Amino acid sequence: MINMQAVRAIYAFEMARAFRTAMQSLISPVLSTSLYFVVFGAAIGGSIERIDGVSYGSFIVPGLIMLTVMTQSISNASFAIHFPKFLGSIYELLSAPVGVTEVVLGYVGAAATKSLIIGLIILATSTLFVPLEVAHPVAMAVLLVIICFAFSLFGFIIGIWAQNFEQLQIVPLLIITPLVFLGGSFYSISMLPPVWQAVSLFNPVVYLISAFRWSFFGAADVPIGLSVAAIAAFTALCIAAIWWIFKTGWRLKT
Amino acid sequence: MTAAADTPAMIEIAGLNKTYDSGFVALRNIDLTIRKGEILALLGPNGAGKTTLISTICGITVPSGGRVLVGGHDIETQPGKTRRIIGLVPQEINIEPFQTVWNAVRFSRGLFGLPPDPARIEEILKTLSLWDKKDEVVKALSGGMKRRVLIAKALSHEPQVLFLDEPTAGVDVELRKDMWRIVDALRDEGVTMILTTHYIEEAEAIADRVAIISKGRILLVEDKDTLMQSMGKRSMSLELASPLETVPQSLEAYGLELSANGLEVTYAFDTRAERTGIASLLRDMSEAGLSVRDIKTAQSSLEEIFVELVERDTGDDESPEAPAMRAEEPA
């Protein structure tokens, strides 16, 4: 039976932390996204032709939301579990009657909620800069929620894996940011030479951005079914990894 | 209120072993039964395995072998059941610094599956003199106050078994007194308590039983009173009617100590010995013409017993200190 009180306690605790640090949680992603719009949308975008019939400023919105949501999910979730590990206060979590379900719902749920809120704020901010219509709003919302959750799961794993704060930064910096930038956040991979198009298909982020952009403009780089399958597989893999971590106590218990 | 021997067991440990990844053996084949409602003091030098034993029962450390039942449930196969009834006050002050005292305690209660109960938390905070600090952020508190918060967190979910891992190490007199009062109140509620401490007088004052652990092995588990009686050296002080300058030669064999003013001699004896020598001492003193005005006996403290046992066990092989530091590193 799920310890719902524990889920509630963890979730409330994590959300309270987000509100305490609301300035850095919200202001900085909104500010940096606005800068992207100013630089890429207004300054450079004017000299780039329309992609799939969409102005460049509008075209980058889904990619920008993805970029922020992915990095925020990872940093929120990884910090949430790494900090108690660093402090030693994790003893309480380890000795509490909670298992993988409670921990995932509480920590990952809270991290995903935070990045979802940030994603929605950026979406709202973007309408101040560019005209925007969402072709499939329900699909867009569902995809956004799932991606927030999936990358929070991934971040949670990183938070447990990391043995210091440097390692905590390495994965987002060295892996996620390049994958997102090269995953078609700011361009359609159909604009690339065929060789690089083929290489891009090995980048998992391509499938996420493609699906998310499809929900906005109805056009995708890769078939939507393939994207959904990729997202589902990634989520399943992360859940399996966390289940294994809690079963063995890897990097949590001595 | 010593828990009687026929009281049901609360914690049953059988053949428990723990070897850390580093190869350090922290627990060697531990067998220990702790009865419901009793207070067990776990004594041992640094690195003896006290914290490892507690961490294993609480689920923070993974055992390498053996079995632990808490309230009849296996800690590995039914952790949900055992953990709900266990409270832990850790040795280190490990606590999230940016939350308020109130939220910290409320969080613990929820984490252990209990519905919110502000009245109960208020009561706990008041008992621990934390009530006027409830809205303060933990990091603003002094070390002693933080320790009180850790105790409040452990009590917030109304545990039936409470582990106190050196709860009074480095705390002021006030908190120690509060701790003892709380332990008394919990004892009346029937809470089983396991206490590790460096203050042996603390174990002597509040424990029902004492377990001595050294180098991962339980050397001895005994009712405190029995232990003190059976192992205690006693000393007898005899007050003399008139002062002596030196102990008469006829009494030399007794190894008497003469006080500075010459009015008191002290005789040490072992209750375990076949003959204590008291009768013959008194006879020989009377023959030497000494008249005795008063006799007092005193018992050796638990501390002396402890030091003696551990010293006997700790040969001059490896020092227990170095690997101990690794063993007690927080997870």
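Just so you know, all these numbers are worked out from the coordinates, no wet-lab data involved. Please read these numbers as outputs of a predicted model, since none were measured by experiment. Cβ: placed from backbone, ideal geometry, glycine included. Neighbour counts: every protein chain shown.
Kindly work out what percent of the DSSP beta bridges joining two residues of chain B are antiparallel, to the nearest 5.
Antiparallel bridges: around 70 percent, rounded to the nearest 5.
Using the membrane-span-like helix rule (whole DSSP H runs, Cα extent along the own axis of at least 18 Å, mean Kyte-Doolittle hydropathy at least 0.0), which helices of chain B qualify? Present the calculation step by step, with values, prior to reporting the outcome.
Details: long enough: B:143-156 (20 Å, 0.24); B:173-189 (24 Å, -0.68).
Qualifying helices, which must be both long enough and hydrophobic enough, are B:143-156.
Amide H neighbours of B:Ile213 under 5 Å, at least 5 residues apart or on other chains, H built in the peptide plane: list them.
For B:Ile213, the qualifying residues are B:Leu43, B:Gly44, B:Leu219.
Do any GluC sites (Glu not before Pro) in segment B:204-248 lie in a loop, going by DSSP, with at most 16 other beta-carbon atoms within 10 Å of their beta carbon, and if so which? Walk me through the numbers before you get to the answer.
Numbers: sites: B:Glu204, B:Glu222, B:Glu239, B:Glu245; in loops: B:Glu245.
The qualifying sites are B:Glu245.
Report, in cubic angstrom per residue, the convex hull volume of the C-alpha atoms of segment A:15-66. Walk me through the numbers on the way to the answer.
Working: hull volume 3.3 nm³, N = 52.
Considering the Cα atoms of segment A:15-66, their hull volume per residue is 63 Å³.
How big, in percent, is the set of alpha carbon pairs in the protein assembly as shown lying more than 47 Å apart?
Working: 58518 of 170820 pairs.
Distances greater than 47 Å cover 34 percent of the Cα pairs.
Relative contact order (percent) for segment A:4-248, with alpha-carbon contacts under 8 angstrom and 6 or more residues of separation?
On the way: 285 pairs, mean separation 64.2, N = 245.
Normalised by residue count, the contact order of segment A:4-248 is 26 percent.
For segment B:267-311, state what percent of all Cα-Cα pairs lands in each successive 5 Å bin, counting from 0 Å until the bin that includes the largest distance.
Per 5 Å bin, starting at 0, the Cα pair percentages come out as 5, 16, 19, 21, 16, 10, 8, 5, 1.
Out of all Cα-Cα pairs in segment A:4-248, roughly what percent, to the nearest whole number, are more than 24 Å apart? Kindly include the intermediate steps, with their values, before the conclusion.
Values: 13621 of 29890 pairs.
Tail of P(r) above 24 Å: 46 percent of Cα pairs.
For chain B, restrict the atom set to alpha-carbon positions and state the Rg and Dmax in Å.
When restricted to the Cα atoms of chain B, Rg and Dmax are 24.1, 76 Å.
Could you work out the pair-distance distribution P(r) of segment A:20-166 from its alpha-carbon pairs, with 5 angstrom bin width and percents rounded to whole numbers?
The percentages, shortest bin first, are 2, 10, 17, 18, 17, 13, 9, 7, 4, 2, 1, 0.
Can you list the residues of segment A:4-46 with backbone N under 20 Å from a point 7 Å past the Cα of A:Trp196, pointing along Cα to Cβ?
Within reach of a label on A:Trp196: A:40-41, A:44-46.
Need one number: convex hull volume per residue for segment A:114-254, Cα atoms only, in Å³.
On the way: hull volume 18.4 nm³, N = 141.
Given the Cα convex hull of segment A:114-254, per-residue volume reads 130 Å³.
Rounded to whole Å, give me the distance from the Cα center of segment B:108-130 to that of segment B:249-272.
57 Å
Run the dipole for chain B about the Cα centre, Lys and Arg Cβ at +1, Asp and Glu Cβ at -1, nothing else charged, and hand back the magnitude in debye, nearest 20. Spell out each step's value before the answer.
Numbers: 37 positive and 52 negative charges, 269 e Å.
Using Cβ point charges on Lys, Arg, Asp and Glu, chain B gives about 1300 debye.
Cα to Cα, under 26 Å, and not fewer than 8 places away if on the same chain: which lysines meet these conditions relative to B:Lys18?
Here the lysines satisfying the reach criterion relative to B:Lys18 are A:Lys85, A:Lys247, A:Lys253, B:Lys36, B:Lys50, B:Lys81, B:Lys215.
Within the set of other residues whose C-beta is less than 10 Å from the C-beta of B:Ser300, count the net charge using Lys and Arg as +1 and Asp and Glu as -1. Each step should come with its number before you reach the end.
Numbers: positive: B:Lys233, B:Arg234; negative: B:Asp270, B:Glu303, B:Glu304, B:Glu308.
Its environment carries a net charge of -2.
Count the DSSP beta bridges whose two residues both fall in the protein assembly as shown, then state the antiparallel fraction as a percent rounded to the nearest 5.
If I count the DSSP bridges inside the protein assembly as shown, around 70 percent turn out antiparallel.
For chain A, with the dipole built from +1 on Lys and Arg beta-carbon atoms and -1 on Asp and Glu ones, taken about the Cα centre, which of A:Trp244, A:Ser28, A:Thr254 lies farthest toward the positive end?
A:Thr254
Using the Kirkwood radius over C-alpha pairs as Rh, can you work out the diffusion coefficient of segment B:233-299 via Stokes-Einstein at 37 °C, viscosity 0.692 mPa s, in µm² per second? Please list the in-between numbers first.
On the way: Rh = 12.1 Å.
Approximately 272 µm²/s, per Stokes-Einstein.
I need the phi-derived Karplus couplings for segment A:179-196: 6.51 cos²θ - 1.76 cosθ + 1.60, θ = phi - 60°, integer Hz, Gly and Pro marked x.
Here the 3J(HN,Hα) series is 4, 6, 5, 8, x, x, 5, 10, 7, 8, 5, 5, 7, 8, x, x, 4, 5 Hz.
Answer with one residue from B:Leu40, B:Leu164, B:Gly113: the one whose Cα lies farthest towards the positive end of the charge dipole of chain B, charges on Cβ with Lys, Arg +1 and Asp, Glu -1.
Result: B:Gly113.
Counting other Cβ atoms within 10 Å of each Cβ, which trypsin sites (Lys or Arg not before Pro) in segment B:240-301 have at most 11 and sit in a DSSP loop?
Values: sites: B:Arg272, B:Arg275, B:Arg283, B:Arg293, B:Lys296; in loops: B:Arg272, B:Arg275.
Here the sparse-neighbourhood loop sites are B:Arg272, B:Arg275.
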